[in-house]
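Scroll down for the structure; my scribbles are underneath it.
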Amino acid sequence: MKSNLVVPSALCSFIRGQFIAPADQHTLPVIDPSTEQALSLLYEADAKEVDLAVKAARDSFESGVWSRQSTDKRQAVLLRVRDLIRQHAQELAGLECLNTGIPYQQLKNLHIPGAAFQFQYHSEAASQLKGELHQQRSGYQIQVSREPVGVAALISPWNGPINLSCTKLAAALAYGNSCVLKPSEFTPLAFKKLMEILNEAGIPDGVVNLVNGRGSITGAALAEHPEVDLVSFTGGCTSGKVVNAIAAQGMKRTTMELGGKSANIILDSADLDVALDGALAAIFMTNGQQCLAGSRILVQKSIAKDFIDKFVARTRALRIGDPFDPNTELGPLANQTHMNKVLGYVKVARDEGATLHCGGGRASGFERGFYIDPIVVSTSSNDMKICQEEVFGPFATFIEFDTLEEAITIANDSTFGLISYLWSNDLAAVTTAIREIRVGTIWVNTTLVGDPRAPFGGVKGSGTGREGGVGSVEFYTELKSVVIPTGGPAPVPKLGIPH
Ligand code: NAD
């Protein structure tokens with residue numbers, strides 16, 4: 001697979017249906033985290049180039065070529081995008097694997113099919129969009145309709161580049177918006193192919209534009225551009241706050257899909273074998289680099305020792321290796337800075353008095369690549385940094401509790417509120433927990449089941465707004481109210497007529 005991939009040597013902006021030729025710009029190497037070798041060169045879009053991309057989106061929007069296209073025609077194009085993503089799934093998964101280090105199997109079986117399904121779901125949802133007609137008021141009818149918002153700035157992170165970007169793109173396009181997409185500067189590799197797919201499917205020129213570069217340069221220029229109407233941002237809390245403030249200055253609507261420190265609650269009433277599988281997947285899939293990672297594992301004292309022993313044994317047995325190897329379960333971390341950050345939390349854990357069960361260093365047997373041994377620690381206090389800060393790596397922290405109430409208190413004692421997991425077959429406990437836990441999504445006796453019908457997003461520091469299902473309808477459409485008299489000319493106040 002790896003040897004068949006055609007890797008683009010230069011990564012440039014895509015504007016009005018064309019890739020911009022590399023010019024005298026700032027460049028950044030695009031790195032393969034499994035070899036630490038440069039794969040390609042990113043040509044960063046500066047504010048001028050971002051302006052060209054936004055203007056292309058604005059022109060296409062105003063022209064109506066997509067925004068006023070019939071929903072049926074838009075749906076046909078978006079279903080072709082779905083089909084082409086499926087057709088090119090191996091190539092997309094391969095490029096993404098090269099650049100992210102996420103195991104190829106996970107990309108091929110989960111991320112890329114998920115991206116394709118976004119185009120199916122949102123185009124079908126848009127085809128069912130309805131307005132309202134109110135006839136209660138005598139002499140008038142009042143209609144409420146939904147229209148596309150305009151130019152959407154879509155800013156995405158490095159931990160699921162194609163999947164997370166397609167979530168935004170599919171919804172924005174389905175409701176008739178034009179877009180400028182800015183992927184993470186660390187993981188731009190597969191986007192050239194994605195642009196080619198969108199083009200081939202029949203998305204008109206200028207409706208989807210791509211700019212590459214760092215957040216502080218390219219991302220900031222995009223978020224603050226006056227012709228951008230909305231900003232859909234997925235990333236860390238620190239940059240999310242900056243982007244939210246910039247967008248607010250320009251009165252732009254936003255969704256902020258930010259970090260998490262999710263509690264994974266395991267009660268003694270759970271099916272413990274399934275809970276064990278679920279807890280491992282929740283923290284170690286995508287190399288542990290997931291906003292929705294079940295990173296705080298809260299386990300009831302009566303079952304804790306046995307559960308933790310089994311969890312540690314399975315963690316030690318995780319197959320670390322080349323992300324293209326079909327047997328690999330844990331690939332390299334995304335980049336060197338990030339690897340150092342994750343490993344730095346081992347010292348933090350030790351200094352805080354946590355017990356280290358396993359992992360914590362570079363994995364042996366690799367001359368190159370950002371491979372580490374997955375980490376499991378136990379702690380008695382949820383106040384510690386390793387329970388409060390997002391590590392964003394293969395780092396599981398156990399906390400024991402006695403009662404459900406205690407578990408709920410610990411789960412809520414966080415500045416984040418993205419996801420919570422709950423494992424129990426006690427219906428009363430389940431219904432109490434789902435009522436009391438303050439998060440955007442709760443997974444009960446299951447793990448990592450994202451569905452585009454289910455609005456996704458967080459509370460507290462995990463962000464604002466929702467995308468998916470009704471969340472996407474609200475975000476990517478603008479309401480318009482129209483009042484029309486029904487029985488001839490309506491009485492209108494007459495001003496300025498002398499008595
Ligand atoms: P990041 O915030 O560093 O970057 C995300 C994107 O924002 C990148 O494209 C980056 O270039 C851009 N950016 C950064 N600063 C910017 C600025 N000032 N203006 C405009 N754009 C800017 O995040 P990351 O390290 O790429 O991703 C990891 C983070 O993303 C984690 O915190 C993770 O939890 C979060 N995440 C959240 C979700 C979710 O749905 N809630 C999903 C995946 C990842």
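Readers should treat all values here as calculations from the given coordinates under stated rules, not as data from a laboratory. All figures in this text were calculated on a predicted structure; none of them were measured in a lab. Neighbour counts run over all protein chains shown; Cβ positions are idealised from the backbone, glycine included.
Charges only on Cβ, +1 for Lys and Arg, -1 for Asp and Glu: so what's the dipole of the chain about the Cα centre, in debye to the nearest 20?
Its charge dipole is roughly 1000 debye.
Nearest 10 degrees is fine. How inclined is helix 47-63 to the longest principal axis of the chain, computing both from alpha carbons?
So the inclination is approximately 50 degrees.
Extension gain Ala245-Asn327, at 0.36 nm per residue separation less the Cα-Cα distance, in nm?
25.1 nm
Going by average Cβ density within 10 Å per residue, which order do the peptides 283-289, 110-116, 16-22, 332-338 take, highest to lowest?
283-289, 110-116, 332-338, 16-22
Between helix 161-174 and the chain, what is the angle of the helix's C-alpha long axis to the longest principal axis, kept within 0 to 90° and rounded to the nearest 10?
Helix 161-174 sits at roughly 20 degrees to that axis.
Give me the dipole magnitude in Debye, nearest 20, for the stretch 397-459 about the Cα centre, with unit charges on the beta carbon: positive for Lys and Arg, negative for Asp and Glu. Show your work: numbers first, answer last.
On the way: 3 positive and 8 negative charges, 81 e Å.
That gives the stretch 397-459 a dipole magnitude of about 400 debye.
Please get the size of the charge dipole for the stretch 160-252, origin at its Cα centre, with Cβ charges of +1 on Lys and Arg and -1 on Asp and Glu, quoted in debye to the nearest 20.
Charge dipole of the stretch 160-252: 300 debye, to the nearest 20.
Which one of Ile408, Gly365, Val376 is farthest out on the positive end of the charge dipole of the stretch 350-417, using unit charges on Cβ (Lys, Arg +1; Asp, Glu -1) and the Cα centre as origin?
Towards the positive end, the residue furthest out is Gly365.
Using helices alone, I'd like the mean residue ellipticity at 222 nm for the chain: each DSSP H run of four-plus residues gives -39500 (n - 2.57), total over residue count, nearest 500.
Result for the chain, helices only: -11000 deg cm²/dmol.
Cα axis of helix 301-316 to longest principal axis of the chain: angle in degrees, 0 to 90, nearest 10?
90
Express the Stokes-Einstein translational diffusion coefficient of the stretch 261-366 in µm² s⁻¹, to the nearest whole number, given a Kirkwood radius over alpha-carbon pairs, 4 °C and a viscosity of 1.567 mPa s.
On the way: Rh = 15.1 Å.
This corresponds to a translational diffusion coefficient of 86 µm²/s.
Out of every Cα pair in the stretch 82-224, what percent are spaced more than 27 Å from each other?
28
Within straight cross-link reach of Lys130, meaning Cα distance under 20 Å, which aspartates and glutamates are found once same-chain residues fewer than 8 apart are removed?
Straight-distance partners of Lys130: Asp72, Glu147, Glu467, Glu474, Glu478.
For Lys48, give me every one of the lysines with a C-alpha distance below 28 angstrom, ignoring sequence neighbours fewer than eight places off in its own chain.
Lys168, Lys182, Lys192, Lys193, Lys241, Lys252
When a/c is below 1.5 the answer is rounded, else prolate if a/b is larger than b/c, else oblate, so apply that to the chain with a ≥ b ≥ c taken from the square roots of the Cα gyration tensor eigenvalues.
Working: a/c = 2.11, a/b = 1.36, b/c = 1.55.
Here the chain falls in the oblate category.
By a straight-distance test (C-alpha under 16 Å), which aspartates and glutamates pair with Lys460 as possible cross-link partners, with residues fewer than eight away in the same chain excluded?
Glu257, Glu389, Glu390, Asp413, Glu436
Restricting the count to DSSP beta bridges whose residues both fall in the chain, what percent are antiparallel, rounded to a multiple of 5?
Details: 28 of 69 bridges.
Taking every DSSP beta bridge within the chain, about 40 percent pair in antiparallel fashion.
At a 10 angstrom cut-off on C-beta neighbours, averaged per residue, how do the peptides 135-141, 368-374, 77-83, 301-307 rank from highest to lowest?
Ranking the peptides 135-141, 368-374, 77-83, 301-307 by packing returns 368-374, 77-83, 301-307, 135-141.
Positive end of the dipole of the chain, charges at C-beta (+1 Lys, Arg; -1 Asp, Glu), about the Cα centre: which of Gly288, Gly160, Asn327 has its Cα farthest in that direction?
Gly160
At a Förster radius of 22 Å, what calculated FRET efficiency corresponds to the Cβ-Cβ distance of Gln128 and Ala454, to the nearest 0.05?
After rounding, the FRET efficiency stands at 0.85.
Over all distinct alpha-carbon pairs, what is the Kirkwood Rh of the stretch 196-262 in angstrom?
Mean inverse Cα-Cα distance, inverted, gives 13.3 Å.
So, in nm, how far is label Gln69 from label Thr431 when the simple model puts each one 7 Å beyond its Cα toward the Cβ?
In this crude spin-label approximation the distance works out to 4.8 nm.
Taking 7 Å along the Cα-to-C-beta vector as the label spot, tell me the Val144-Asp277 distance in nanometres, rounded to one decimal.
Inter-label distance under the simple model: 4.5 nm.
First measure r as the distance between the Cβ atoms of Lys347 and Glu62, then evaluate 1/(1 + (r/R0)^6) with R0 = 51 Å and state the FRET efficiency to the nearest 0.05.
Once the sixth-power term is evaluated, E becomes 0.40.
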